[in-house]
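A short worksheet on the structure shown next.
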């Protein structure tokens, strides 16, 4: 068989490509499907403020925990089986919360679905590394774009589906989407059994495990991911309030500006992984993301109106750091086993930072009654990404750094 670098995109890996596409579509559905219809749910299942807060805080917490669990599952079950378990968890979680007879089981179903999604978050980059080592940039671009779309679509269709068939159908319909994502991986597993087992990683390298703590490149990628996550979650939680208070935006305008923030990153999801895969030095992309954050937040501080749309657009371009971190997980490791370890490390720590963003911004605002301190804090987080950018200037493999420090 010719090496992977010479194979056409579909040759011998059609099921894997379809599986990656379908899993990517599922990686944000549980996050965005509840909030648009929470009032309808609360009419049947009383949801108090603490429970609603738990549902809102659950995604980054579950994703952080999954950063620890996913490498363990991958080592115990194998990469494909671990991903299948994650998809099953998504399926069961979606169905469970659609059928939930009380608020507790609604919350349990949400957590199960989010843990499945979190494990999928961690395992999809190594899956790409394993099956598409010759197309890392292209496939990462596609999957990051589909993730962005899967954030928007549930919010768009939740209310119309609930109007037509009720909130349980609106939540439960994502069960079918998750179940369909399982089919290509069942086919792939059957093909592996017929061939006598899964294909070997052509470049296994040394195990990373605890050595990642001593890798500057691993920390640099983690920092890029963490800055993106912290700023993104903080913006989703507080940007409408910030533009209402600072720029005098109406409630409808604030909602539209939040949508602009979410959509602004879509082109970066397409372009950044492809660019990064063709560049020896990833620092210009990291510095560009920092520049967008600095210009956007700085504009909101200095002259929030009438250029509010421009400032929000620039802030929305800042999370280009997210697809950059995802593609670097594969570009800076030699084999998929190392990619699993690095992905869990980066996303586990990065989503902990994501959890802290909304909380810290809210505490700063409550303490001062204004937004200046909170925005200065968000600006200051980008110092970490600048340092990371300098560390990423050399195309160093994490595997090599870990081996040198043993």
I'd like the full set of residues that are touching a helix residue (DSSP H, G or I) at 6+ places or on another chain (Cβ under 8 Å) and not in a helix (DSSP H, G or I), limited to region 257-281.
265, 278, 279
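Results for (1) farther than 23 Å from residue 339 by Cα; (2) in contact with a helix residue (DSSP H, G or I) (Cβ under 9 Å, 6 or more places away or on another chain); (3) assigned by TED's automatic domain parsing to the domain that holds residue 184; (4) assigned to a helix (DSSP H, G or I), shown as yes or no for each residue.
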| position | (1), (2), (3), (4) |
| --- | --- |
| 17 | no, yes, yes, yes |
| 25 | no, yes, yes, yes |
| 37 | yes, yes, yes, yes |
| 40 | yes, yes, yes, yes |
| 86 | no, yes, yes, yes |
| 96 | yes, yes, yes, yes |
| 101 | yes, no, yes, no |
| 117 | no, yes, yes, yes |
| 122 | no, yes, yes, yes |
Outside any helix (DSSP H, G or I) and either closer than 26 Å to residue 327 by Cβ or within 22 Å of the chain's Cα centre (by Cα) (or both): does that describe residue 133?
yes
Every listed condition ((1) surrounded by fewer than 21 Cβ atoms within 10 Å (Cβ to Cβ); (2) closer than 18 Å to residue 33 by Cα; (3) modelled with pLDDT of 90 or more) holds for residue 117 save (1)
Looking at (1) out of contact with any helix residue (DSSP H, G or I) (no Cβ under 8 Å at 6 or more places or on another chain); (2) within 27 Å of residue 342 (Cβ to Cβ); (3) modelled with pLDDT of 80 or more, which is the only condition residue 3 fails?
(3)
Scanning region 56-84 for residues that are assigned to a helix (DSSP H, G or I) and over 17 Å from the mean Cα position of the chain (by Cα) gives 72, 73, 74, 75, 76, 77, 79, 80, 81, 82, 84
Any helices (runs of 4 or more DSSP H) falling wholly within region 296-373 and containing at least 3 residues that are under 22 Å from residue 70 (Cα atoms):
321-331, 336-368
Could you check residue 111 against (1) over 19 Å from residue 333 (Cα atoms); (2) in contact (Cβ under 8 Å) with a residue 12 or more places away in the chain; (3) over 21 Å from the mean Cα position of the chain (by Cα) and say which number it fails?
(3)
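From the list 306, 284, exactly one residue is at pLDDT below 90, assigned by TED's automatic domain parsing to the domain that holds residue 227 and touching a helix residue (DSSP H, G or I) at 6+ places or on another chain (Cβ under 9 Å). Which is it?
Values: 284 fails: at pLDDT below 90.
Answer to the check: 306.
Which of the residues that make up region 292-319 are within 19 Å of residue 269 (Cβ to Cβ) and either surrounded by fewer than 24 Cβ atoms within 10 Å (Cβ to Cβ) or in contact with a strand residue (DSSP E or B) (Cβ under 6 Å, 6 or more places away or on another chain) (or both)? Can you show your working first?
Within region 292-319, the subset within 19 Å of residue 269 (Cβ to Cβ) is 292-293, 296, 312-319.
Once the filter is applied, which keeps residues that are within 19 Å of residue 269 (Cβ to Cβ) and either surrounded by fewer than 24 Cβ atoms within 10 Å (Cβ to Cβ) or in contact with a strand residue (DSSP E or B) (Cβ under 6 Å, 6 or more places away or on another chain) (or both), region 292-319 yields 292, 313, 314, 317.
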Whether any residue in region 87-105 is buried (at least 21 other Cβ atoms within 10 Å of the Cβ), under 18 Å from the mean Cα position of the chain (by Cα) and free of Cβ contacts under 8 Å to residues at least 40 places away in the same chain is what I want to check.
yes
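The values are calculated or read from the model by the stated rules, or taken from the named source; none is laboratory data. Just so you know, these numbers come straight off a predicted model, no measurement behind them. Methodologically, a virtual Cβ is constructed for each residue, glycine included, from the backbone with ideal geometry; neighbour enumeration extends over all protein chains shown.
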